[in-house]
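Structure record follows, encoded as structure tokens.
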Amino acid sequence: MRDVRMMVNVLEGVISKNYSKLTKSQKKVAEYIIKNPEEVTFLSSKELGEKVKVSDATVIRLSNALGFSGFSELQEMLQSWLKGKLTPSEKLKVTKINRGTDIYASIFNNNIKNIMKTQEEIPTSKFEEAVNILDEAKRIFVVGLRRSHSFAFHLYYNLSRILNNIVLIDSAHGLKYDQIEDIGKGDVLLSMSFPRYAKETSEITKIAKERKAFVIAITDNPLSPISRIADISLHAGYESPFFFGSHASTLIIADCIIGGLSLKHRKKYINILKRFESKLKKSGVWIE
């Protein structure tokens, strides 16, 4: 029930921002969505219109007025939220791919679809904004726990080759809250979280925000706990017919940040990388 209330709060926020420009009929639809979010997830625009006694065109126009490309996009956000509440065993139980299907082709195609969707939905200007803020940060903290940890580490590892002001918040030794003890204004937190969302990631993100650090979220949709607190949210296509989510888009978002930052001060970073490579070569880290 608490999770449903959380989703309703987000919807209310989106609707209240645009309420003054809605028609009387659109307001009726908006009020129905707020009261019945889970039911709306499974209705077509025509079915929703019939319930509220308006045309399906009114439902579509409301969706546009709220900033969505259409009702299907609004519904997709609700469906994504609902799927995020399922446990892995529940997701596997409702998987609709049959054994005779080419499962591997399905996985490839699903990832390609998510990548294309992510590219369409994140404008270049948003990446540029995030990269500029990271470039000017006093310190950069990276957090991603449980299923998001490997992607957080990928981001941290590659950025730490060229930056000396980056901290990976790690839960391994129970010191994660110690690591952000003095986080504050001028610092940036890169927070990563995907269903089912790790509670500690959300708590760390809230602490950073309360202490005036700038928060960049990499997550799956606007209803995500960290997306709602972040200053900038980068949403990765995450849909998957399996019990695990699709993380191809997550990795690409991370690579876009790494690539964008690495080109900000190319000459400086080339020299840093050369010195670093020289030290590693002398220490015999690699197989020659």
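None of the figures in this text is laboratory data; all of them are computed from the coordinates on show. Nothing here was measured: the structure is a model prediction, and the numbers come from that model. For neighbour counting, all protein chains shown are included, and Cβ atoms are generated from backbone atoms with ideal geometry for every residue, glycine included.
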Work out, in µm²/s and without decimals, the Stokes-Einstein translational diffusion coefficient of the chain at 4 °C, 1.567 mPa s, Rh from Kirkwood over C-alpha pairs. 62
Rounded to the nearest 500, what is the 222 nm mean residue ellipticity of the chain from helices alone, with -39500 (n - 2.57) per DSSP H run of 4+ residues and division by all residues? -17000 deg cm²/dmol
Classified through the alpha carbon gyration tensor (a ≥ b ≥ c as square roots of its eigenvalues; rounded if a/c is under 1.5, else prolate when a/b is larger than b/c, else oblate), the range 102-142 comes out oblate
Between SER148, SER227, SER262, find the one with the highest GNM mean-square fluctuation for the chain; connect C-alpha pairs within less than 10 Å. SER262
Run the quick spin-label model on ALA57 and GLU136: label points 7 Å from Cα toward the beta carbon, then report their separation in nm to one decimal. 4.7
To the nearest 20 debye, what charge dipole does the range 239-288 have about its Cα centre, counting +1 at the Cβ of each Lys and Arg and -1 at the Cβ of each Asp and Glu? 640
Expressed as an acute angle from 0 to 90° and rounded to the nearest 10, what is the orientation of the C-alpha long axis of helix 24-35 relative to the principal long axis of the chain? 60
Compute the long axis of helix 2-18 from its Cα atoms, compare it with the longest principal axis of the Cα atoms of the chain, and write down the angle in degrees, 0 to 90, nearest 10. 80
What does the extension gain come out to for LYS113 and ASN18, with contour length at 0.36 nm per residue minus their alpha carbon separation? 31.2 nm
Suppose the chain between ILE270 and LYS28 were pulled fully straight at 0.36 nm per residue; how much longer would it get relative to their current alpha carbon spacing? 81.3 nm
Degrees between helix 103-121 axis and first principal axis of the chain (Cα, 0 to 90, nearest 10): 90
Given a Förster distance of 41 angstrom, what is the FRET efficiency for ASN64 paired with ASN164, based on the Cβ-Cβ distance and rounded to 0.05? 0.30
Pairs of alpha-carbon atoms within less than 8 angstrom and 6+ residues apart define the contacts here; what relative contact order does the chain have, in percent? 17
Picking from GLU38, GLU277, GLU47, which is most flexible by a Gaussian network model of the chain using Cα springs under 10 Å? GLU277
How large is the dipole of the chain about the Cα centre if only Lys and Arg carry +1 and Asp and Glu carry -1, each at its Cβ, rounded to the nearest 20 debye? 280
Sorted peptide list for 58-67, 115-124, criterion being average Cβ within 10 angstrom, highest first: 58-67, 115-124
Under 1.5 on a/c is rounded, so check that first for the range 146-197, then, if it is not, pick prolate when a/b is larger than b/c and oblate when it is not; a ≥ b ≥ c are the square roots of the alpha carbon gyration tensor eigenvalues. oblate
Given labels modelled 7 Å from the Cα in the Cβ direction, how far is it in nm from GLU203 to SER72? 4.2
Compare ASN110, ASN18, ASN158 in a GNM of the chain, Cα atoms joined below 10 Å, and give the one with the largest fluctuation. ASN18
